[in-house]
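Reading through the structure tokens given below for one structure.
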Amino acid sequence: MLRTSTAVWRGDGSHGTGSLTTQSGALRDQPYSAKTRFQNEDGKAGTNPEELLGAAHAGCFAMALSFALTEAGLTPTELRVTAAVDISKVEGGFAIKTIALDLVASVPGIDAAKFQEIAEKAKKGCPVSKALAATPISLSAKLA
């Protein structure tokens with residue numbers, strides 16, 4: 001299975017603009033720029049690669065956890081995952097320093113210890129977590 005996305009960039013790095021399109025059509029010519037990436041703290045002016053990476057990671061982890069809980073005979077009512085991707089200036093440019101996954105879950109019939117065990121296993125088994133293994137990934141997992 002192969003999934004594709006396309007980025008088109010026009011202009012220089014500081015003042016140019018780009019657009020992102022996904023195979024599914026979920027994004028179609030979605031604008032991004034240096035301003036939306038590095039200067040717009042509220043995130044309302046457009047998207048950026050880190051936001052999209054966070055969305056992909058949160059979605060992948062939630063699905064991996066759902067499968068793991070189902071395998072354990074449990075059905076989650078809700079898995080709410082936020083992924084915070086920290087991009088910081090480093091020598092030679094910028095780097096993604098950490099990713100913090102924050103999970104609040106409603107899972108009837110599970111105790112806290114078993115929930116933590118399954119959540120950690122899902123984090124390690126999530127394909128996006130595996131792809132990002134060079135980046136420290138933390139998990140805060142709580143039952144609602």
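Worth pointing out:
- Under the condition of being open to solvent by less than 30 Å² (accessible area, probe 1.4 Å) and β-branched (V, I, T), the residues counted in the stretch 104-113 number 2.
- Applying the condition of being in a loop (DSSP other than H, G, I, E, B) and in contact (Cβ under 8 Å) with a residue 24 or more places away in the chain to the stretch 119-144 and asking which residue is surrounded by the most Cβ atoms within 10 Å (Cβ to Cβ) yields C126.
- Positions within the stretch 90-104 being part of a strand (DSSP E or B) and over 17 Å from the mean Cα position of the chain (by Cα), in sequence order: V90, G93, F94
- Tabulated pairs, the stretch 27-56, first more than 21 Å from D12 (Cα to Cα), second modelled with pLDDT of 80 or more and open to solvent by 70 Å² or more (accessible area, probe 1.4 Å), C-beta under 7 angstrom, 6+ apart or interchain: G43/E51
- Selected residue (only one of E78, E91 is open to solvent by 80 Å² or more (accessible area, probe 1.4 Å) and free of Cβ contacts under 8 Å to residues at least 24 places away in the same chain): E91
- Within the stretch 94-103, the set of residues being over 15 Å from L132 (Cβ atoms) and surrounded by 14 or more Cβ atoms within 10 Å (Cβ to Cβ) comprises D102, L103.
- Complete set of residues in the stretch 73-89 that are modelled with pLDDT under 95 and either part of a helix (DSSP H, G or I) or not β-branched (V, I, T) (or both): S88, K89
- Criterion violated by Q116 - all others in (1) among the polar types (S, T, N, Q); (2) in a strand (DSSP E or B); (3) surrounded by 15 or more Cβ atoms within 10 Å (Cβ to Cβ) satisfied: (2)
The values are calculated or read from the model by the stated rules, or taken from the named source; none is laboratory data. As the structure is a computational prediction, the values presented were derived from the model and not from experiment. Please note: Cβ atoms are built from the backbone with ideal geometry, for glycine as well, and neighbour counts cover all protein chains shown. Please note that ligands, DNA and RNA were not included when accessible areas were found on the heavy atoms of the full protein model with its side chains. Shrake-Rupley method; radii C 1.70, N 1.55, O 1.52, S 1.80 Å.
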